[in-house]
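Below is one structure. I have some questions about it.
The values are calculated or read from the model by the stated rules, or taken from the named source; none is laboratory data. On a predicted model such as this, the values are computed, not experimentally measured, just so you know. Here the Cβ positions follow ideal geometry from the backbone for every residue, glycine too, while neighbour counts run over all protein chains shown.
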């Protein structure tokens, strides 16, 4: 019988070796630090969800790229392509009676059938911040503030924000009685850079040339000079009062973020759009100069909980790209995070398995991580293995140590060795515990 062919992971889905996982875990740790700093409670949702949950408002690009399938009962399911819809489902069901505001965080893997390339994987991890129950610009600004904290704590101080407000374009289109589903399609075109197609769709749906020209000018208007950008945008929006209010709100959000201490480059884009159809207000992306894709993005979605049967509940949030950031830190910045392993190797030389296990148990109950040598290496080979593996101490037990209820501790860096009774737990802890990796 021939063996199986050599199998790798499915295309676009990565194996993570110990050092790769350690770097990813560091990114996750920082996100969780910021959860705690801002009061976000971590939740978890299933990897598999109903197709309808994401087909409703996740946007054309995501709908085209979902991993969807039928289960054995014929139910239409997907591997989640993002997580905000799942969190909104939680808010409409199990958390419908929760006191507001409520801050929820998550760490989750997502799946999209993208063409694999740098920054795009078919399986990728996200860390999200979702704040429900407030329409205040302070809530929107908080998402920028939390995002800033994550990037700075990861050493990515040269990051920048692109910020906009989808309510600006939606208000203009609404004034021309453009249906919401058509608005979604037009905004998706703008997000994809299909501006000519977007303008034609606007004309086909009753938007006159003044409206088309205003949208075109807003899309072209972007930059860091906030005062100048807002002044020009205000002039363009003078015929559309509601859109002007959204512009003022965007300015307030940015002001609040800056006053907090967000000193990153902020690029203001009044005509900005994002592919997700559920956005209703403030939107943003966060990136770095060396990457062509955003590493974080989000915005306001005030109708999503209600869409899933919950009571009207405003929400705003973001999804930080853990996988993208990990790749960026590793490949663009050369950041390395070595996987931690015990700095103590327990070697048995003619000691019984029972005694080796007793010594290992004694050390671990004292909080000392220990790796037991289980392949029968003799002492020279064990020392060579320890040195190659970054292990600093050997705990050696042989027949003599077993008869005396002791262990011999060898410091490989200082090249010293001392025999210690297992009854002297404090001395063992002092020798190994305080200097442990």
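Among the listed residues 85, 97, 139, identify the single one that is under 30 Å from residue 232 (Cβ atoms) and not in a strand (DSSP E or B).
When all the criteria are applied, what remains is 139.
Determine whether residue 197 is touching a strand residue (DSSP E or B) at 6+ places or on another chain (Cβ under 9 Å) and farther than 17 Å from residue 166 by Cα.
The answer is no for residue 197.
Could you tell me how many of the residues in region 127-168 are within 30 Å of residue 111 (Cβ to Cβ) and out of contact with any helix residue (DSSP H, G or I) (no Cβ under 6 Å at 6 or more places or on another chain)?
17
Have a look at 83, 48, 27 and point out the one that is over 21 Å from residue 303 (Cβ atoms), in the same structural domain as residue 274 (by TED's automatic domain parsing) and surrounded by 21 or more Cβ atoms within 10 Å (Cβ to Cβ).
Only one candidate qualifies: 27.
Continuing with the same structure: Could you check, for region 258-266, whether at least one of its residues is within 19 Å of the chain's Cα centre (by Cα) and in the same structural domain as residue 139 (by TED's automatic domain parsing)?
Within region 258-266 (the criterion being within 19 Å of the chain's Cα centre (by Cα) and in the same structural domain as residue 139 (by TED's automatic domain parsing)), the answer is no, since none of the residues qualifies.
While we're here: Is it fair to say residue 307 is touching a helix residue (DSSP H, G or I) at 6+ places or on another chain (Cβ under 8 Å), assigned by TED's automatic domain parsing to the domain that holds residue 173 and crowded, with 24+ Cβ neighbours inside 10 Å?
no
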